[in-house]
Amino acid sequence: GDIVLLAKPVTLTEGDRVTLMTDVPVATDGTSKPEKLLYAVSLPPVHGQIEHINYPGVPISSYRQLDVVAQKVSYVHDNSHGDSKESLR
């Protein structure tokens, strides 16, 4: 079926961390089990990384919707300078 992904921008300053919650990325695919959806990071962030909160400092390349619901996934800005806007894909 069709997959719908809604996202809202998040503003961070250098060195900040934001926990991904269902009001930022939330997806549905028309099934009754959205918690089983898998997000794959196809283009890693340039100025930070996606991490599981149980493994700080270790970038991850995928996570589940259930991890987002449980607030266990975060984006960490790495203090680098450059383009102030970044998107996660």
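Residues in region 61-72 include at least one that is out of contact with any Lys or Arg (no Cβ under 6 Å at 6 or more places or on another chain), of a type outside the set (Gly, Ala, Ser), under 20 Å from Leu12 (Cα atoms) and at pLDDT 90 or above. Scanning region 29-60 for residues that are among the aliphatic types (A, V, I, L, M), at pLDDT below 90, within 12 Å of the chain's Cα centre (by Cα) and in a loop (DSSP other than H, G, I, E, B) returns Val41, Leu43. In this structure, is Asp23 among the acidic types (Asp, Glu) and modelled with pLDDT under 85? Yes, satisfied. Taking residues in region 37-59 that are touching a residue at least 24 places away in the same chain (Cβ under 8 Å), and partners anywhere that are polar (S, T, N, Q), the pairs with Cβ atoms closer than 7 Å and at least 6 places apart or on different chains are Leu37/Gln65; Leu38/Ser62; Tyr39/Ser62; Val41/Ser61; Val41/Ser62; His47/Ser80; Glu51/Ser74; Ile53/Ser74.
The values are calculated or read from the model by the stated rules, or taken from the named source; none is laboratory data. No experiment lies behind these values; they were computed from the predicted model shown. Note that we place each Cβ from the backbone using ideal geometry, even for glycine, and neighbour counts take in every protein chain shown.
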